[in-house]
1. May I ask you to verify whether Leu99 is under 17 Å from the mean Cα position of the chain (by Cα), modelled with pLDDT of 95 or more and either under 25 Å from Gly152 (Cβ atoms) or open to solvent by less than 10 Å² (accessible area, probe 1.4 Å) (or both)?
2. Quick check on the range 140-151: of everything there that is open to solvent by less than 70 Å² (accessible area, probe 1.4 Å) and within 23 Å of Pro119 (Cα to Cα), which residue is nearest to the chain's Cα centre (by Cα)?
3. Can you report the number of residues in the range 69-90 which are in contact with a helix residue (DSSP H, G or I) (Cβ under 8 Å, 6 or more places away or on another chain), among the small types (Gly, Ala, Ser) and open to solvent by 20 Å² or more (accessible area, probe 1.4 Å)?
4. Output the residues belonging to the range 113-132 that are open to solvent by less than 20 Å² (accessible area, probe 1.4 Å) and hydroxyl-bearing (Ser, Thr, Tyr).
5. I'd like the full set of residues that are loosely packed, with under 12 Cβ neighbours inside 10 Å and among the acidic types (Asp, Glu), limited to the range 290-308.
6. Any residue in the range 178-191 that is open to solvent by 10 Å² or more (accessible area, probe 1.4 Å), part of a helix (DSSP H, G or I) and more than 22 Å from Met326 (Cα to Cα)?
7. Taking the range 192-235 only, how many residues are outside any strand (DSSP E or B) and under 23 Å from Leu112 (Cβ atoms)?
Amino acid sequence: MNGKTILVVGTYDTKDDELNYLSDVIRGQGGAVKTMDVSVLGDPSAPCDYSKHDVAEAGGSSIKAAIDSGDENTAMQIMATGSAMLALKLYREGAFDGLIVLGGTMGTDLALDLCQALPIGVPKYVVSTVSFSPLIPPERLPADVQMILWAGGLYGLNSICKASLSQAAGAVLGAARAVEKPSFSKPLIGMTSFGKTVLRYMVDLKPALEARGFEVAVFHATGMGGRAFESLAAEGAFAAVMDFAPQELGNHIMGSAISAGPDRMTHAGASATPQMVSIGCYDLVDIVGWQATPEKLAGQEVHAHNRLLSSVMMTPDQRREMARAMCAQLAGAKGPTLAILPTQGGNEWDRPGGPLHDAEGLSAFLDEFRTYCPENVRLIELDCHINDAEFSDAVLSQFDLWQGAGVVSP
């Protein structure tokens, strides 16, 4: 029960007391500790399990090269690369069960790369002076990272920062003990969507696919959900993907902060994973509701979803841009790729008579997609809406053809 090992990472030359305190709390709760030093200039009070030299060399460099660069950003990126590669190697060897990284802006920058290198399901905690800060772009956040503010901890231990450090130490050890990691005992299908108010296909598709012997994971396409989806697709974790809510790509190209990064809709193709794509909410750009509307979207109709999130209707020209962007992302796909276009609309609000209906905009998108659809993508058009039963039925029919041809198998 208690035999879990936590990898404690930080710059031991400047934060030795704080990192040792973290380790002591973990050990006091019955856990074991491995330590990794990502310092450049100084040394820890006692040797770490993985020294700064081990870290730099794991990334193909050296501490001398980091120092000789004469630039703290370059030096820390050397350590970020090395720590990510070394941590992944150690995890694959079974050396630790969870990870905790401590840092200010420098350490947090490194921590994001390190955590990004580890698979989903590995407990990852970052104790940072800039947790939840706008300094951290959404695309840098690992899909399942946990963060806590290192309050009052910029220099030295005190009762305020100990409250943060001890919580984080207990949290990562508890997570390592409790986590039920993905088993992949059944072939997994990754699907993107939103809530049932706006997109409903998953209600029919999930049980139908499960009855065919597959597990289905539905990802909420609001930035971090897409990050998790793409991370797993890059690992080749999916037997197939049904990427029916590509809105995060539109968010990105229109300048919204609700982005899954510039490589959205590419990793399934790069890993040769069979994929179906469609147009769920293709016509909307989600923006942070309490922030100013991006300049590119100024003056356009806005629908407030809640106090956190608002949706901006795309113009016909912007929908054409979205169609071209989708086609460009899919053009490099190495596996079977099917685009299913329901020609009557892509979300519940855009039906005729609905508050966001725009026949001209839909037509503009469809025409552009037909024009730029790459040769490696098979295109199917359906005379229905994405929320109609006909759409789900067509998806299942195509999936059954894939099964019959051995493209996917339970």
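The values are calculated or read from the model by the stated rules, or taken from the named source; none is laboratory data. Keep in mind it's a predicted model, so treat the numbers as computed, not measured. Because the Cβ atoms are built from the backbone with ideal geometry, glycine has one as well, and the counts that use them run over all protein chains shown. When the accessible area is computed, the model is the full protein with side chains, heavy atoms only, and any ligands, DNA or RNA have been set aside. Shrake-Rupley method; radii C 1.70, N 1.55, O 1.52, S 1.80 Å.
1. In short, no.
2. Selected residue: Ala143.
3. 1
4. If the condition is that a residue be open to solvent by less than 20 Å² (accessible area, probe 1.4 Å) and hydroxyl-bearing (Ser, Thr, Tyr), then Ser128, Ser131 are the ones that fit.
5. Residue satisfying the conditions is Glu295 alone.
6. yes
7. 15
Quick grid of which residues meet (1) surrounded by fewer than 17 Cβ atoms within 10 Å (Cβ to Cβ); (2) assigned to a helix (DSSP H, G or I); (3) in contact (Cβ under 8 Å) with a residue 24 or more places away in the chain; (4) among the hydrophobic types (A, V, I, L, M, F, W, C):
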{"residue": "Gly107", "(1), (2), (3), (4)": "no, yes, yes, no"}
{"residue": "Ala111", "(1), (2), (3), (4)": "no, yes, yes, yes"}
{"residue": "Pro134", "(1), (2), (3), (4)": "yes, no, no, no"}
{"residue": "Gly153", "(1), (2), (3), (4)": "no, no, yes, no"}
{"residue": "Gly156", "(1), (2), (3), (4)": "yes, no, yes, no"}
{"residue": "Ser164", "(1), (2), (3), (4)": "no, yes, yes, no"}
{"residue": "Ala169", "(1), (2), (3), (4)": "no, yes, yes, yes"}
{"residue": "Val172", "(1), (2), (3), (4)": "no, yes, yes, yes"}
